[in-house]
Amino acid sequence: MTTSHTIAVLGLGRMGGAIATRLAAQDWDVVGWTRSGRTSGTVKTTGDPNEAVARADLVLLALFDGPACEQVLDDVRGSLRPDTIVLNTSTIAPAEASRLALKLGPSYVHAPLLGSVPSAAAGALQILAAADQEALDRVRPVLESLGTVRRVDDASSAAALKLVANNSLAGAVLALRDSLRQADALALPRTQTLDVLELGQLGGLVARKRHFLLDEPTAATAEFTIGALAKDVALLAAASNTPLRSATGLADNPAALDADIAVAATVPAVEDAVLEPLRAYIRGHATGDPTHFRGAFLPTAHIEGIRDGAFVSWPLDEYCTLFQGRPAPDEPTRSRRIDAIDVHGTVATATMTLSHGADTFTDIFLLVRAADGWRIANKAYHRHP
Ligand SMILES: NC(=O)c1ccc[n+]([C@@H]2O[C@H](COP(=O)([O-])OP(=O)(O)OC[C@H]3O[C@@H](n4cnc5c(N)ncnc54)[C@H](OP(=O)(O)O)[C@@H]3O)[C@@H](O)[C@H]2O)c1
């Protein structure tokens, strides 16, 4: 493919806009189209995707998701020339990528991208390209204007690898959120915390996203949105059919979906109201006073677990009789900590570890927001030997 040939870029969002601009700056003849009609910098645009596609030797897709790719390709199918290559850079599900590869045959190149807008602008993306050798040879000069090409066996694997890579990014964002919450709880200044985090494992992310992590996130335009990353981890969880913590961590994020992913790391810890029944439960153990348990649990709650090899299910009243209104003799050496809490609107789950002398317990709570506030609806526990 030479510079006299035309590239149609369909989708001029964050990535499509940056890609089209980069290719035009590298002397490729680019014509762009996007659903909203928005224009992109110096790139020529048209309001009709069929017009863009009819002129193109290469159609590059930078669309939000699989359904958008299928929709746009269906709309322009009649204008595609038989020798036109479709190069799809969108992050979509493995099954969606397979379907497109099957539908478009040897002229389809699935090429999801590692790296964000600044890498696209600098031609420094990492590109996972799956295609027949001939198609790959034809598009390679274009791909090399955008970054480094890494060949992958098939479209489905390229899509899956991209989702796995983005899950590691989601994990890093959630790890950063945990660190910032702990620092906030210890009243450490944000700038100082970021300075120190920048020296460690999350350093690259903190350095790239620092302006979003300070208390001025609106000052910068999102490069990669929470909505797009949440889409990717949800696709991964569905494709693998394996639980994925980052999927719920991002889906239940109160930050706006069109905010940059870094803003998800700045979301404050759960409100005190959800923690209150758990703290009352801790007070119950610390004092031995069952009144605290009655405040923590709903009256209908059961406390359940395996005791001496048999399943027990205590109603709250029965559980309260186990406490005599005074602390255990070894209370000064006992400790309890809340390990996790996940709030989903009016329900929540929580995990707590209790170190009680020779025994360590893991307590799993189901909480509900009742009319008079959050209460524990049920507890199940495991006693570690
Ligand atoms: N941003 C990143 O850092 C990054 C990095 C690597 C990969 N990706 C992936 O690259 C793709 C594009 O990401 P982005 O960040 O550029 O997203 P974006 O800014 O939200 O842009 C999405 C594009 O898709 C178009 N679109 C969405 N739904 C459509 C539909 N049903 N029909 C037609 N067009 C539709 C939008 O059109 P209009 O806005 O004009 O309506 C826009 O051009 C996504 O798959 C994303 O996961 C993003």
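Structural remarks
- Which numbered condition Gly288 misses (of (1) in contact with a strand residue (DSSP E or B) (Cβ under 6 Å, 6 or more places away or on another chain); (2) at positive phi): (1)
- Every residue from region 151-172 that is away from the ligand (no atom under 14 Å from the Cβ) and either polar (S, T, N, Q) or within 13 Å of Leu244 (Cα to Cα) (or both): Ser156, Ser157, Gly171
- Scanning region 182-197 turns up no residue that is within 16 Å of the ligand (Cβ to nearest atom), on the phi < 0 side of the Ramachandran plot and out of contact with any Pro (no Cβ under 8 Å at 6 or more places or on another chain).
- Within region 331-385, if we keep just the residues that are in contact with a helix residue (DSSP H, G or I) (Cβ under 7 Å, 6 or more places away or on another chain) and of a type in the set (D, E, K, R), the residue that is nearest to Ser313 (Cα to Cα) turns out to be Arg375.
- Residue among Gly345, Gly325, Gly309 that alone is surrounded by fewer than 11 Cβ atoms within 10 Å (Cβ to Cβ) and within 26 Å of Val270 (Cα to Cα): Gly345
- Among residues of region 154-200, those that are within 27 Å of Ser98 (Cβ to Cβ) and not in a helix (DSSP H, G or I), counted: 1
- When residues in region 211-252 are screened for being more than 16 Å from the ligand (Cβ to nearest atom), at pLDDT 85 or above and either among the hydrophobic types (A, V, I, L, M, F, W, C) or part of a strand (DSSP E or B) (or both), 3 of them pass.
- Count of residues meeting criterion [part of a helix (DSSP H, G or I) and more than 25 Å from Arg151 (Cα to Cα)] in region 44-66: 6
- Number of positions in region 320-335 that are closer than 19 Å to Pro299 by Cα and within 43 Å of the chain's Cα centre (by Cα): 1
- Subset of region 1-41 [near the ligand (Cβ under 10 Å from one of its atoms), small (Gly, Ala, Ser) and part of a helix (DSSP H, G or I)]: Gly16, Gly17, Ala18
- Options Thr300, Thr291; residue that is without any contact (Cβ under 8 Å) to a residue 40 or more places away in the chain and closer than 30 Å to Asp317 by Cα: Thr291
- Test: residue in region 298-321 that is of a type in the set (Asp, Glu), closer than 30 Å to Ala185 by Cα and outside the structural domain of Ala183 (by TED's automatic domain parsing): no
For (1) within 26 Å of Ala350 (Cβ to Cβ); (2) surrounded by 14 or more Cβ atoms within 10 Å (Cβ to Cβ); (3) charged (D, E, K, R); (4) in the same structural domain as Arg337 (by TED's automatic domain parsing), each residue gets a yes or a no:
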{"position": "Ala187", "(1), (2), (3), (4)": "yes, no, no, no"}
{"position": "Glu198", "(1), (2), (3), (4)": "no, yes, yes, no"}
{"position": "Ala207", "(1), (2), (3), (4)": "no, no, no, no"}
{"position": "Arg210", "(1), (2), (3), (4)": "no, yes, yes, no"}
{"position": "Phe224", "(1), (2), (3), (4)": "no, yes, no, no"}
{"position": "Lys231", "(1), (2), (3), (4)": "no, yes, yes, no"}
{"position": "Asn253", "(1), (2), (3), (4)": "yes, yes, no, no"}
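- Candidates are the residues of region 57-70 that are within 15 Å of the ligand (Cβ to nearest atom) and buried (at least 19 other Cβ atoms within 10 Å of the Cβ); the one that is nearest to the chain's Cα centre (by Cα) is Phe64.
The values are calculated or read from the model by the stated rules, or taken from the named source; none is laboratory data. Worth saying up front: this structure is predicted, and the values here are computed from it rather than measured. Methodologically, a virtual Cβ is constructed for each residue, glycine included, from the backbone with ideal geometry; neighbour enumeration extends over all protein chains shown.
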